[in-house]
Amino acid sequence: MQLADSQPVAVPPSWAESGDLEGWVHATEAFCVSQGPGIRYVLTLSGCPLRCQYCHSPDTWFRHEGAPALVTDVLADIARRKGVLRGRGGVTLSGGEPLMQAKFCKTILQGCKAMGLHTALDTSGYFGDFADDELLAEVDLVLLDIKTISEERYRDLTGVELEPTLRFANVLAALNKAVWLRFVLVPGVTDDLEDVGRLAKFAAQLGNIERVEVLPFGKQGEHKWRDRGLDYRLAGIKPPAEELLEQVRNLFRAEGLAVV
């Protein structure tokens, strides 16, 4: 993959050792402010086992629909921006599902930490078992997306089981790894208040949730479904009313969690 502004930079020996390690990259964003604290370099990786009904990026589902990229090229691109990112933000690995490419992620994260950069992992947690201790040691923050606490609804919404995500959440809690919990509120799909209350209780007992982001459902990716000939089941759903959003936020606050 030819990354933006690909001017030559010095490649430290530790990077060169991993220079033949190739991953699949969907996109990069150099100055993002919505994927973790501060200004973020977001590396969006290709491949995801989930088929979320409200997915904004079905073009990230299949790994080989991305572009191949070497670790050295990715880290060199990040290095050009480290002066801006260091102390003011950092790097976020997103997807797709980044843990589908756990070895590639680990090496990128190691390179970022060697540059003194804050690191974040944006994940569904479904492949949390692939995140070994060495990988998690390089992660400062996990953005964990838990879509519902109902096993039946989760399976219908995503096409996969919920249990691996909850297991990963407990692993992160045992490590006292900082987590921002993300919950997308979809009217008629994830708005069962009893389920939300159960999710809030689960999150609160973990002890490592720094904040909860209650995100309103939107249809930014609907056109991508149409372009790919896919059936967008949520075409008739409208974004949640502010009153419902506040009800849901208050259920998390009632458990002592910080909510944004």
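Worth pointing out:
- Sequence-separation-based contact order of the chain, relative, with Cα cut under 8 Å and 6+ spacing, percent: 16
- Cα centroid separation, the range 106-165 to the range 170-200: 14 Å.
- Over 23 Å (Cα to Cα) - which of Lys103/Lys219; Lys103/Lys177; Lys147/Lys224; Lys147/Lys177; Lys147/Lys201; Lys82/Lys106 fall in this group: Lys103/Lys219
- For the chain, Cys32, Cys48, Cys105, Cys112 have no disulfide-compatible partner, since no other Cys C-beta lies under 4.7 Å from theirs.
- Prolate/oblate/rounded label for the range 23-63 (Cα gyration tensor, a/c 1.5): oblate
- Between Ala67 and Glu22, the modelled labels are 1.5 nm apart [label points 7 Å from Cα along Cα→Cβ].
- Beta bridges per DSSP, both residues in the range 30-175: antiparallel share near 5 percent.
- Fully extending the segment from Lys103 to Arg88 would add 2.7 nm, taking 0.36 nm per residue of separation and subtracting the current Cα-Cα distance.
- Computed lengthening from Arg155 to Leu245, 0.36 nm per intervening residue step minus Cα-Cα distance: 30.1 nm
- Model label zone, Glu29; criterion: amide N under 13 Å from point 7 Å along Cα-to-beta-carbon; scope the range 46-78: 56-57
- Approximate spin-label separation Asp133-Lys201, in nm, with each point projected 7 Å along Cα-to-Cβ: 3.4
- Taking amide H atoms as placed 1.01 Å from N in the peptide plane, the amide H of Ile39 lies under 5 Å from those of Gly89, Gly90, each 5 or more residues away in sequence or on another chain.
- For peptides 100-109, 53-62, sequence by mean Cβ density within 10 Å, most packed first: 100-109, 53-62
- Net dipole in debye of the chain [+1 Lys, Arg Cβ; -1 Asp, Glu Cβ; about Cα centre; nearest 20]: 540
Every number here is computed from the coordinates shown, using simple stated rules; none is lab data. What you see is a predicted model, and the numbers here were worked out from it, not measured in a lab. Glycine also receives a Cβ, built like all others from the backbone with ideal geometry; neighbour counts cover every protein chain displayed.
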